[in-house]
Amino acid sequence: SFTMVSVLVTGANRGIGLGLVRQLVQEPSVTAVIATARNIDTAADLKAIDSPKLHLIQLEVVDEESITQAVTKVAEIVGENGLDFLVNNAGIFNKTRLADDFPKALVMEQMEVNTVAPLLVTNKFYGLLKKAATKNGKAQVANISSALGSIEFAPQMDGPMETAIYSMSKAALNMLTRKLSMEWKDDKIRATSFCPGWVKTDMGTDAAFLTLEESTLPLAKLILSLTEEHNGLYFRYNGEKLP
């Protein structure tokens, strides 16, 4: 029988999110790719992707009303099959040194987008994820984190030491992954964190090591091939385990 496999990607208008969508629409096993962005009207690169599998939905990840509306629209697309994969990718990065004179708003914005939003989005999509898990024996939450979110790994991270707030937000996101993997285990909804690597994007800049495709091609394939063994854990785009 023909299996519907749906994947939702947040923050899909540029960077890693856009790269993932480009790869996912080409995967034969995937039947629906739901790409969300804060403003679909201005998401030119996303609109340029020509695929019958692609569905574009407006979603402001920090706005509860917007998430609720998106859930309704996704439910119309996936129907009784539910949502198989939720990829929480939307994120922001502001350089900050801990001795800087920074406003609280700078901290709150990063925590809100990188930590609170994935929590709210995942929470509101629980029903659709559970539907897919009940039907297919599994559903998957994929949180796009960063190696900068690893507490154990922090001393080894090179580069400018201006990532404290971003690292805090991603460390908290990794704990969300772990907690989801425990609380939703019986529902057969799994959660895994990923580091996409340092990629040439607006956030990563041209100084980065990887092209968008070098990161997102293996990352897309890894997300689709996750098993029970990956539940609650943290991996690089190439499948290497992170602490």
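The values are calculated or read from the model by the stated rules, or taken from the named source; none is laboratory data. If you're wondering where the values come from, they're calculated on a predicted model, not measured in any experiment. Quick reminder, even Gly has a Cβ in these numbers, built from the backbone with ideal geometry, and neighbours come from all protein chains shown.
Residues in the stretch 1-35 that are within 13 Å of T201 (Cβ to Cβ) and β-branched (V, I, T): I16 only.
For T72, the conditions (1) without any contact (Cβ under 8 Å) to a residue 24 or more places away in the chain; (2) among the polar types (S, T, N, Q); (3) surrounded by 14 or more Cβ atoms within 10 Å (Cβ to Cβ) are fulfilled apart from (3). Report whether or not N81 is closer than 22 Å to L226 by Cβ and either under 13 Å from the mean Cα position of the chain (by Cα) or aromatic (F, W, Y) (or both). Taking the combined requirement at face value, the residue does not satisfy it.
Taking the stretch 167-198 as the range and being closer than 25 Å to R97 by Cα and more than 15 Å from the chain's Cα centre (by Cα) as the test, the residues that pass are S167, M168, W198. Note on the stretch 216-243: residues that are among the hydroxyl-bearing types (S, T, Y), touching a residue at least 24 places away in the same chain (Cβ under 8 Å) and within 22 Å of V5 (Cβ to Cβ) total 2.
The set of residues in the stretch 24-47 being among the aliphatic types (A, V, I, L, M), within 20 Å of E60 (Cβ to Cβ) and more than 14 Å from the chain's Cα centre (by Cα) consists of I40, A43, A44, L46. For D206, the criteria (1) surrounded by 13 or more Cβ atoms within 10 Å (Cβ to Cβ); (2) of a type outside the set (S, T, N, Q); (3) in a loop (DSSP other than H, G, I, E, B) hold in every case but one, which is (1).
Scanning the stretch 167-203 for residues that are in contact (Cβ under 8 Å) with a residue 24 or more places away in the chain, of a type in the set (A, V, I, L, M) and within 22 Å of Y126 (Cβ to Cβ) turns up A172, L173, L176, L180, M182, I189, A191. Identify the single condition in (1) surrounded by 22 or more Cβ atoms within 10 Å (Cβ to Cβ); (2) touching a Cys at 6+ places or on another chain (Cβ under 8 Å) that Y166 does not satisfy, given that it satisfies every other one. Of the numbered conditions (1) surrounded by 22 or more Cβ atoms within 10 Å (Cβ to Cβ); (2) touching a Cys at 6+ places or on another chain (Cβ under 8 Å), the odd one out for Y166 is (2).
The residues on offer are L222, L173, L180, and the sole one that is under 12 Å from A147 (Cα atoms), part of a helix (DSSP H, G or I) and at pLDDT 95 or above is L173.
From the list F235, F194, the one residue that fits, being in contact with a Cys (Cβ under 9 Å, 6 or more places away or on another chain) and either part of a loop (DSSP other than H, G, I, E, B) or not β-branched (V, I, T) (or both), is F235.
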